[in-house]
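Some notes on the structure that comes next.
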Amino acid sequence: MRFTADLAEALTGADLVQENGPELLEFKQKLYKQLDELLPPDVIIASSSSGLKMSEIQSGAASHPERCVIGHPFNPPHLIPLVEVVGGAKTSEETVQRTIAFYKSIGKKAIRLNKEMPGHVANRLQGALAREVYYLVAEDVLSAADVDDALSWGPGLRWGIMGNMLLNHLGGGPGGIEHFFRQFAGPMAASWKTLGSPVLTPEIQKKLVDGVHAEVGSRTIEELEAERDEVLLGLLELRNKRSETVVPREAAAE
């Protein structure tokens, strides 16, 4: 894989290059080596990797590893605002701050991870939830359609407004998060011990696949995507209107 002169010319003047190569460490290391040789040293090289660590990827950029950073977006990236930003062992603080500023300038919700984790953060949260979803369906507790309804019409509606920590704060009533932990820490920790760890055997996978197709019915992928995007756009519009009337956290802290 080599870059052409046309591509090099197209990248002239860029401040940040976002790579979306295959999720293969060796491939990305080679890609970063070539980008490091091609681009001026002040150009940030951001990776969309959903799980690889930047400390491993940036080893390919021998000359300027300090300008390499993870900038992980979420599907559909043209609608979902979240971008996870996390540097590697050799990433400079300046690179992290410039990357966050860039994503914010194009309307993204950039969050900083203070340390590297396999899968970053949001995918780990998704993974924890998926594990229990698959377990419940595999154990015939409920159907794929019903577990999806349980999420999207229950906690999912709240998660589209506030995250777990703020919702726990509200769950504590007037006493807030302090009362929440006094009331629920014990039962909550006990419930964790009952969570499942399904083994995705071919038989379990078939049960999950059959359940999804029963839920989908005659709807096509395109129809489901349109349904998702329509509701997402409505939610984003509401959230944007709300954010215009709320004092930013940074200002409130001053």
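The values are calculated or read from the model by the stated rules, or taken from the named source; none is laboratory data. Please read all numbers here as calculations on a predicted model, not as lab measurements. Using ideal geometry, Cβ is built from the backbone for each residue, glycine included, and neighbour counts are taken over all protein chains shown. Only protein heavy atoms, including side chains, enter the accessible area calculation; ligands, DNA and RNA are left aside. Shrake-Rupley method; radii C 1.70, N 1.55, O 1.52, S 1.80 Å.
So if I place +1 on the C-beta of Lys and Arg and -1 on the C-beta of Asp and Glu, and nothing else carries charge, what would the dipole magnitude of the chain be about its Cα centre? I want it in debye, nearest 20.
Charge dipole, the chain, about its Cα centre: 760 debye, nearest 20.
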What whole number of Å gives the distance from the Cα centroid of the range 185-219 to the Cα centroid of the range 80-108? 34
How long, wide and thick is the range 1-104, going by the Cα atoms along their three principal axes, in whole angstroms, largest first? 33, 28, 27
If you roll a 1.4 Å probe over the chain with all protein chains in place, what percent of the accessible area is carbon or sulfur? 60
Above 18 Å lies some portion of the pair distances; for the range 120-254, what is it as a whole percent of all C-alpha pairs? 71
In the neighborhood of Leu52, defined by Cβ-to-Cβ distances under 13 Å, what is the net charge if each Lys or Arg adds +1 and each Asp or Glu adds -1? -4
On the full set of protein chains, 1.4 Å probe, figure out the accessible area of Val133 and give it in Å² to the nearest 10. 30
Quick one: ranking His64, His213 by accessible area, 1.4 Å probe, largest first, what do you get? His213, His64
Before I look further, what does the range 4-160 give for accessible area per residue, probe 1.4 Å, in whole square angstrom? 54
Can you spot the lysines whose alpha carbon is less than 17 Å from Lys108's alpha carbon? Ignore those fewer than 8 places along the same chain. Lys241
Say the cut-off is 18 Å between C-alpha atoms; which of Lys33/Lys53; Lys30/Lys109; Lys90/Lys115; Lys33/Lys104; Lys28/Lys115; Lys53/Lys90 go over it? Lys30/Lys109; Lys33/Lys104; Lys28/Lys115
Along the positive direction of the dipole of the range 1-159 (beta-carbon charges: Lys, Arg +1; Asp, Glu -1; about the Cα centre), which of Gly87, Ser152, Asn20 reaches farthest? Gly87
Helix-derived mean residue ellipticity, 222 nm - over the chain, DSSP H n ≥ 4, -39500 (n - 2.57), to 500: -16500 deg cm²/dmol
Kirkwood Rh for the range 194-234 from C-alpha pairs, in Å, is 12.5
Expressed in angstrom, Rg and Dmax over the Cα atoms of the chain are 21.6, 64
Two-decimal ratio, the range 51-121, of alpha-carbon radius of gyration to 2.2 N^0.38 Å: 1.07
So, relative contact order of the chain in percent, Cα under 8 Å, 6 or more apart, is 12
